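A quick write-up on the structure given underneath.
Values quoted throughout were computed directly from the atomic coordinates according to the rules given, and no laboratory measurement underlies them. Here the structure is a predicted model, which is why all the values come from computation and not from measurement. FYI the Cβ positions are ideal-geometry reconstructions off the backbone, even for glycines, and counts take in every protein chain you see.
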Amino acid sequence: MDVASSLTDRDRTILRLLRWHRVLTTSQINVMFFRDLNTAQHRMTRLHELRLVERFRPLRSGRDGEYHYVLDRLGAYVVAVMANRDPDREIRMRWRTDQALSIATSQRLAHTVGANDLFVRFVAAARHRADVELSTWWGERYCKERFAGIVYPDGVGVWREGDATVVFCLEYDRGSEQLVRLAGKAGHYARLEEASGCAFWVLVVVPGPRRERGVRAALAGTGLAVATATRAHALTPESAVWAPLDAEGTRLRLAELAGWPRPAASVARVAEAARLRAGESALRTGDGQLAIGRSWRPDGQMGTEGA
């Protein structure tokens, strides 16, 4: 009863985000939902007291960092109810808080937080503008589930700004992966184009300029629509920070990628997929649908399953 009387719509959205994107920091939650950090801290502390979320503070340079939040058991129960599932079965079969907290000691913590941060900044950028939105946000785990082993992006998003719509797959590169392995993913993304018929962009975020030059060289000639940005640039990912592979020295706003010429090989793959899949559902940049093997569609609500 305490939870039922305390939860707000904002709280429910936060819980859904934690369910599907695994971990969010206090500052990330703040820029998406609150006006100041102090208010965000107090509210998240309240959700922790209600046992809706669990939290941890990783060490940063020998000192405790900010709180990182994951979903607690009761929070998972609330999300299951909102999704109209059998909550008792959902929690009994699929939820363990200790597993949710395992990311605290995982080597992928920084990667997951960093990849999530790009989407968080898109959400924050759209908060106070009526003509823009991040209408779809699929996390890494959901992409693995839905892309049937074709490729594992760090996220998929649909950004709408005015009349422009950009579908993108994120590669969040921390500089630890060999460039030859990153280049090897190009073939998998080409297969995704063939399977989906979607004219998507691959956005690659890198640590700095030197790594960006290496990534651009490694992906040149792959026939994919790729745009790169450094981590510092990606702090404002909606602005003119994205450099298409065929536009050396030019950085575009994300919305401008919608009208940028795509590589001929990519155009051919998408056209062939459209021909082969005529009459079937496919991911279209106008409505955000995607079919991989069978028709399925996100519901357009950021943070719910498949969104």
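Taking R0 as 41 Å, what FRET efficiency do you get between residue 99 and residue 236 from their Cβ-Cβ distance, rounded to the nearest 0.05?
0.75
So which residue, out of 36, 173, 246, gets the largest mean-square fluctuation from a GNM of the chain using Cα contacts under 10 Å as springs?
36
Scan region 157-237 for GluC sites (Glu not before Pro) in coil per DSSP, keeping those whose Cβ has at most 13 other Cβ atoms within 10 Å, and list them by number.
Taking region 157-237 and a limit of 13 other Cβ atoms within 10 Å, the loop GluC sites (Glu not before Pro) found are 177.
With each pseudo-label sitting 7 Å past Cα toward Cβ, what's the residue 128-residue 111 distance in nm, one decimal?
Label at residue 128, label at residue 111, 3.6 nm between them.
Return a whole-number percent for the relative contact order of region 2-106, with Cα pairs under 8 Å and 6 or more residues apart as the contact set.
In percent, rounded to a whole number, it is 25.
Which translational diffusion coefficient, to the nearest whole µm²/s, is obtained for the chain from the Stokes-Einstein equation, given a Kirkwood hydrodynamic radius over C-alpha pairs, 10 °C and 1.306 mPa s?
Using the Kirkwood radius from Cα pairs, D works out to 78 µm²/s.
I'd like the antiparallel share, as a percent to the nearest 5, of DSSP beta bridges with both residues in the chain.
75 percent
How about region 147-244: which trypsin sites (Lys or Arg not before Pro) there lie in a loop by DSSP and see at most 16 other Cβ atoms within 10 Å?
174
Give me, ordered by chain and number, the residues 5 or more places off residue 71 or on other chains with an amide H under 5 Å from its own placed amide H.
For residue 71, the qualifying residues are 54.
If you find the alpha carbon centre of region 155-233 and of region 10-71, how far apart are they in angstrom?
Region 155-233 and region 10-71 have Cα centres spaced 29 Å from each other.
When the dipole is taken about the Cα centre of region 2-106, and only Lys, Arg (+1) and Asp, Glu (-1) are charged at their Cβ, what size is it in debye, to the nearest 20?
For region 2-106, the charge dipole is close to 220 debye.
State the antiparallel share, in %, of DSSP beta bridges confined to region 162-247, rounding to the nearest 5.
Looking only at bridges with both residues in region 162-247, the antiparallel portion is about 15 percent.
Using only DSSP helix segments of four residues or longer, with each worth -39500 (n - 2.57), what per-residue ellipticity at 222 nm results for the chain after dividing by its residue count and rounding to 500?
Taking each H run of at least 4 residues, the total per residue is -12500 deg cm²/dmol.
Full-extension gain between residue 42 and residue 276, please, as 0.36 nm times their residue separation minus the C-alpha to C-alpha distance.
78.8 nm
If a helix is a whole DSSP H run, which ones in the chain reach 30 Å or further along their own axis (Cα) and hold a mean Kyte-Doolittle hydropathy of at least 0.0?
Sorted by number, there is nothing, because no helix extends far enough and scores high enough.
Connecting C-alpha atoms closer than 10 Å in a GNM of the chain, tell me which of 243, 110, 40 has the biggest fluctuation.
110
Using the Cα centre of the chain as origin and beta-carbon charges of +1 (Lys, Arg) and -1 (Asp, Glu), tell me which of 75, 226, 247 is placed farthest towards the positive end of the dipole.
75
Tell me which GluC sites (Glu not before Pro) from region 229-280 have a DSSP coil assignment and no more than 15 other beta carbons within 10 Å of their own.
Here the GluC sites (Glu not before Pro) that fit, given the DSSP loop and packing criteria, are 248, 280.
Between residue 27 and residue 56, how many nm apart are label points set 7 Å from Cα along the C-beta direction?
Reported label-point gap for residue 27 and residue 56 is 2.0 nm.
With charges only on Cβ, +1 for K and R and -1 for D and E, what is the dipole size of the chain about its Cα centre, in debye, rounded to 20?
560 debye
Determine the distance separating the Cα centre of region 118-152 from the Cα centre of region 239-266; give it in Å without decimals.
Their Cα centres are 19 Å away from one another.
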